[in-house]
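First comes the structure, then the notes that go with it.
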Amino acid sequence: MMNAIAATDLHGNTLLYELLLRIVGTWKISSVFLMGDLAPGETGIADASELAQVDAVASQRTYFERVFIPLFESFLGGHRHTHVYAIMGNDDRRVNEPLLQDFSSSVGNFHLVNDRIVGLRESRQIRAFFPTDVPQLAVAGYPYVPLGGGLVMDWVKRENRAGLVPPGMDPCMSIENSGILTVPRTFESTIADDLRDFSSYLSSHGPGDGCVYDPARTIHLFHAPPYNTPLDQVAPQGYYDFVPLPDHIGSYEIRRFVERTQPYLVLCGHCHEAVVLGDYRTYVGGTCCVNPGSQTHIDVLSLVQFNVFEPSEIKQLFIHAH
């Protein structure tokens, strides 16, 4: 029963969103998971000027208002059996998060799960009639990625309190003052801080829908993949002076979290090319971890289709939009 689809890093490619929804409707998919970088990225990412920031915020806001939200609102209105669970990613400007929060609140089958946990609607529906047939599952989201691109952005955090600077970055740089932040940070935690007690972290960021967090019964949406796996492999980076730059750019704190808690399922993104350089699936301990990858630059939809109640039943698909 391949009743779920996951995709990531579509970066505002409307052709691919339309293709994804046609597939979801044709195949009668019940659960759709989007692991971040929803809106178009801007060119010239190195330009952290105030004008560049304003332009990026405005273009992404326009995309959400005029394309993304109307597209999903129209589709979900006619497909009440389908539920979409989404997080934002490091290229999505957080100042626009309220747009998606309002959409999530007004449309019963779209769920923005940034720092939230909600029940998997399909398991609730089946259990209402057959309570012993499937587990009661939940979906939790964590959009943050570790430092690595040279800039602090809305969904970027340090891994832990050690404060290590990624290879290739000037260790004397004041990282916190060199980024692109669209909302002020009222507190500064690390990825390790957040994941140390993820249940408390989720509770502190506002109500979900009454779910009790249990990693063994929760599908985790991370934008960043676990470190040093086939899911976070990138093209060889070369050298910085005499120091080889890493070919893996995922989060080692997310990997530690997965090793420690053994979640039900981990879905992630961020590393587009891992799907061809590494793999789309791996196991960390007994947990299946999946990164569908992204090929938006050639209008190819990279996705995985799977049985949400038997995550080992999974297949990879590349579908061209033309």
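The values are calculated or read from the model by the stated rules, or taken from the named source; none is laboratory data. Please read these numbers as outputs of a predicted model, since none were measured by experiment. Cβ sites come from the backbone with ideal geometry, for glycine too, and all protein chains shown count toward neighbours.
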Looking only at the range 80-89, decide whether some residue is surrounded by fewer than 21 Cβ atoms within 10 Å (Cβ to Cβ) and either at positive phi or not basic (Lys, Arg) (or both).
-> yes
Wholly within the range 243-322, which strands (runs of 3 or more DSSP E) include no fewer than the required count, namely at least 1 residues that are of a type in the set (S, T, N, Q) and on the phi < 0 side of the Ramachandran plot?
-> 281-284, 287-290, 300-307, 310-320
In the set SER49, SER104, which member is over 21 Å from the mean Cα position of the chain (by Cα) and either under 23 Å from VAL145 (Cα atoms) or at pLDDT 95 or above (or both)?
-> SER49
For the range 65-99, what are the residues that are aromatic (Phe, Trp, Tyr) and either in a helix (DSSP H, G or I) or more than 14 Å from PRO143 (Cβ to Cβ) (or both)?
-> PHE68, PHE72, PHE75
Leading residue by the ranking (modelled with the lowest pLDDT) among those in the range 152-179 that are in contact with a helix residue (DSSP H, G or I) (Cβ under 6 Å, 6 or more places away or on another chain) and part of a loop (DSSP other than H, G, I, E, B) = VAL152
Filter the range 74-117 down to residues that are within 23 Å of ILE23 (Cα to Cα) and of a type in the set (S, T, N, Q), then give me how many there are.
-> 4
Mind checking which pairs have a first residue in the range 84-109 that is within 14 Å of TYR63 (Cβ to Cβ) and a second that is surrounded by fewer than 16 Cβ atoms within 10 Å (Cβ to Cβ), Cβ under 6 Å, 6 or more apart or different chains?
-> VAL95/VAL183; ASN96/ARG61
Just a yes or no: is a residue in the range 236-254 at pLDDT 95 or above and small (Gly, Ala, Ser)?
-> no
Identity of the residue in the range 273-313, at pLDDT below 95 and of a type in the set (A, V, I, L, M, F, W, C), that ends up nearest to ILE249 (Cα to Cα) | ALA274
Residue check, ARG124 against (1) at pLDDT 95 or above; (2) assigned to a helix (DSSP H, G or I), all met but one. Which one?
-> (1)
Qualifying position, being under 18 Å from HIS223 (Cα atoms) and either modelled with pLDDT of 70 or more or touching a Leu at 6+ places or on another chain (Cβ under 6 Å) (or both), among GLY149, GLY141 | GLY141
Run down VAL304, VAL300, VAL212, VAL308 and say which single residue is more than 21 Å from VAL145 (Cα to Cα) and touching a His at 6+ places or on another chain (Cβ under 6 Å).
-> VAL300
For the range 215-224, state whether one or more residues are touching a helix residue (DSSP H, G or I) at 6+ places or on another chain (Cβ under 7 Å) and closer than 27 Å to TRP27 by Cα.
-> yes
